[in-house]
Structures are given as structure tokens and as C-alpha cells.
Amino acid sequence: MNKLTQWIEWAEAHPKVWLDCIRMYLGLGLFIRGVFIITNTKAEFVQVLLERQQYPWVVMGFLLHYIALAHLVGGLMLTVGLLTRIAAWVQIPIVVGALFMHRGEGLMSGGQSLEFSALVLFLLTTFAVSGAGPVSVDNGMPKLRPAITP
């Protein structure tokens, strides 16, 4: 019981570490989604995406490449905490697009894609504003400060 109390006290004294854990989990999830998009080009969700939209195939090809690259690179950057704000901002337009795609499903649907997309958007916005915490590459990098001229 004493160890549990010590652990709870440590956890309450280090709240940003828990945000880092959430950031790492979110980054890994986005990275895995990017791998899924790349390795499953014939997957059903890609076909449905192409059929729903009335864009030319060139536009859809560009969007799919952007989404896959943003999820792969941005997910890894979020996981390690490298340029966290930029990595989160790059993901936000993709997730907003996912929200618009799933808006017809409504809340509490079987697939829960709308709820999941909204949760990911909330987390990305949180990290776009707050940045990385103490367990990140950003934390170890020197801060850029503007030069002050007299």
C-alpha cells in the first residue's frame, strides 16, 4: 500500500509525463495507420474513399500520398517528440477531412469512426498548442530565441 501511495504521489507531481505517454500512443497509432494505407492500396476503405469523391484520380492520388506520408513521418515525429507542434498541425487537416467523411454516420454508430476522428482531432489540437513534454527530443533541443538588437 505504501508503494502505491508513493507511485500516486509521483504521478501527481509529474502530470506532463502522462501527456507524453498519450502523445507517444497517438503518434504510434498514426504511424501504424500510415503503414496500413501504404501496404493496403487495394483495401476496401481506399476504394470507398475513391468512389465517394468526385475528384479526378490525380487529386485523389496526391491526397492519398499526402495522408500516408503525413501519418508515417508525422506519427514518428509525434512518437519521439520531434517538432511536435509541426507534426500535429500537419495531421489536423487530414483528421478534419476524416470528420467530414464520417459525419453522415452520426454519433454512436457501429464503426464509431466519427467519435474516433473527433478524439484524434482533439488530441492533435492539444499537442499542436501545448507542444511536447519532458520526455521528448524537443525538450533536449536548444530553444530558438530571436536576436535582440539594441
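Under 9 Å between Cβ atoms, at least 6 apart or on separate chains: pull out the pairs that start in segment 84-102 with a residue that is buried (at least 18 other Cβ atoms within 10 Å of the Cβ) and end on any residue that is among the aromatic types (F, W, Y) and part of a helix (DSSP H, G or I).
T84/F127; A87/F127; A88/F127; I94/Y66; A98/F116; H102/F116
Being within 10 Å of the chain's Cα centre (by Cα) and either closer than 23 Å to S130 by Cβ or at pLDDT below 75 (or both) narrows it down to one of A88, A43, so name that one. Can you show your working first?
On the way: A43 fails: within 10 Å of the chain's Cα centre (by Cα).
The unique qualifying residue is A88.
Which residues, taken from segment 96-117, are closer than 20 Å to G34 by Cα, modelled with pLDDT under 85 and assigned to a helix (DSSP H, G or I)? Even if it seems obvious, please write down each step before you answer.
Step one: of segment 96-117, the residues closer than 20 Å to G34 by Cα are 96-102, 111-117.
Then keep just the ones that are modelled with pLDDT under 85; that gives 97-102, 111-117.
Within segment 96-117, G97, A98, L99, F100, M101, H102, S113, L114, E115, F116, S117 meet the criteria.
I37 fails exactly one of the following numbered conditions: (1) surrounded by fewer than 16 Cβ atoms within 10 Å (Cβ to Cβ); (2) within 21 Å of F100 (Cα to Cα); (3) modelled with pLDDT of 75 or more; (4) not aromatic (F, W, Y). What is the number of that condition?
(1)
What pairs come out if I take residues in segment 11-38 that are over 21 Å from L69 (Cβ atoms) and pair them with residues that are of a type outside the set (V, I, T) and not in a helix (DSSP H, G or I) whose C-beta lies under 6 Å away, six or more apart or interchain?
Hits for this filter: K16/G133; K16/P134; L19/G133; D20/G133.
The values are calculated or read from the model by the stated rules, or taken from the named source; none is laboratory data. Small disclaimer: the values here were computed from a predicted structure and weren't measured. Cβ coordinates were reconstructed from backbone atoms using ideal geometry, including for glycine residues, and neighbour counts include every protein chain displayed.
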